[in-house]
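Q: Below you will find the structure I want to go over with you.
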């Protein structure tokens, strides 16, 4: 089985298109988007008398006609921003799912999506109702003899986002679903939060004003101890993570191979992992890709 795994595209439409196209490009049997599917930035476009104004990446622009307006809106969506927020977010997700239906041939190529800490809960019923993707949160999914367990919740962050919980609650969520797995040696943990202290969770240390210390040069582990303890206890074959964009890499936690492909969505770059599972040898091969 070949899996294409990406995460943290944060509403970037160009990354979503690349994710859908990756199924055919890499000849993947399955594509998985691990969390933080939707965007978290609203950029207002202000209507003036006969023109519009918008600020994109610090540059204030005057849009003289509807063609320039549409081009600016496309640029915002490609970089994961919305001209309007919750309404635009859910409408964009509906449109993305229509794209998935076409690109993935009406479900012939399985597509698994999960929420992340930055995703509002309004997206859950939209994903659950979609005929072309599978919403994975809190479920044990059968993947042709392998099991996938998914959790989009993270340990607390400084930003008090939507899907956060204390470590003891995360541990309870993990145990509730991991206990349903028939064979942990053929199981994939799809947890948005990376395991603490593994190098997959290094983020810039923040000062009292929530700014990176020393320009972001000082890093610290910010992952989940509950996730780390679960990997040590359950020892699944593979665990895939996201959440910490800067910590692209691979680690071993006992027998478990843990991967965080990182994220560079604001540049329109899709970072991902192409993972091959060999059922006969019980081995995992992988390559980190971007494009």
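Q: Of (1) under 25 Å from residue 180 (Cβ atoms); (2) in contact with a strand residue (DSSP E or B) (Cβ under 9 Å, 6 or more places away or on another chain); (3) in contact (Cβ under 8 Å) with a residue 24 or more places away in the chain, residue 278 satisfies all except one. Which?
A: Condition (3) is where residue 278 drops out.
Q: In the range 263-281, how many are in a loop (DSSP other than H, G, I, E, B) and either crowded, with 23+ Cβ neighbours inside 10 Å or touching a helix residue (DSSP H, G or I) at 6+ places or on another chain (Cβ under 7 Å) (or both)?
A: Number of matching residues: 3.
Q: Then there's this: With respect to the numbered conditions (1) assigned to a strand (DSSP E or B); (2) surrounded by 14 or more Cβ atoms within 10 Å (Cβ to Cβ), which one is the sole condition not fulfilled by residue 287?
A: For residue 287, the failing item is (2).
Q: Looking at the range 139-167, which of its residues are buried (at least 18 other Cβ atoms within 10 Å of the Cβ) and either more than 27 Å from residue 122 (Cβ to Cβ) or more than 21 Å from the chain's Cα centre (by Cα) (or both)?
A: Those that are buried (at least 18 other Cβ atoms within 10 Å of the Cβ) and either more than 27 Å from residue 122 (Cβ to Cβ) or more than 21 Å from the chain's Cα centre (by Cα) (or both): 143, 146, 147.
Q: Additional query: Among the residues of the range 237-247, is there at least one that is farther than 25 Å from residue 138 by Cα, outside any helix (DSSP H, G or I) and without any contact (Cβ under 8 Å) to a residue 12 or more places away in the chain?
A: For the range 237-247, residues farther than 25 Å from residue 138 by Cα, outside any helix (DSSP H, G or I) and without any contact (Cβ under 8 Å) to a residue 12 or more places away in the chain: absent.
Q: Out of the residues in the range 179-213 that are part of a helix (DSSP H, G or I) and touching a strand residue (DSSP E or B) at 6+ places or on another chain (Cβ under 9 Å), which is nearest to residue 245 (Cα to Cα)?
A: Kept after step one, since they are part of a helix (DSSP H, G or I), are these residues of the range 179-213: 184-186, 213.
Among the residues that remain, those that are also touching a strand residue (DSSP E or B) at 6+ places or on another chain (Cβ under 9 Å) are: 184, 186, 213.
Numbers: 184: 28, 186: 27, 213: 17 Å.
The residue in question is 213.
Q: Only one of these conditions is not met by residue 133: (1) surrounded by fewer than 19 Cβ atoms within 10 Å (Cβ to Cβ); (2) within 19 Å of residue 89 (Cα to Cα); (3) touching a strand residue (DSSP E or B) at 6+ places or on another chain (Cβ under 7 Å). Which number is it?
A: Condition not satisfied by residue 133: (1).
For (1) within 22 Å of the chain's Cα centre (by Cα); (2) free of Cβ contacts under 8 Å to residues at least 60 places away in the same chain, each residue gets a yes or a no:
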residue	(1), (2)
169	yes, yes
179	no, yes
182	no, yes
190	yes, no
197	yes, yes
201	yes, yes
208	no, yes
213	no, yes
218	no, yes
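Q: Restricting to the range 1-18, what's the tally of residues that are surrounded by 24 or more Cβ atoms within 10 Å (Cβ to Cβ), within 24 Å of residue 74 (Cβ to Cβ) and either at pLDDT 95 or above or not assigned by TED's automatic domain parsing to the domain that holds residue 107 (or both)?
A: Residues flagged as surrounded by 24 or more Cβ atoms within 10 Å (Cβ to Cβ), within 24 Å of residue 74 (Cβ to Cβ) and either at pLDDT 95 or above or not assigned by TED's automatic domain parsing to the domain that holds residue 107 (or both) within the range 1-18 amount to 6.
The values are calculated or read from the model by the stated rules, or taken from the named source; none is laboratory data. Values in this document were obtained by computation on a predicted structure and should not be read as measured data. No Cβ is skipped: glycine too gets one built from the backbone with ideal geometry, and neighbour counts run over all protein chains shown.
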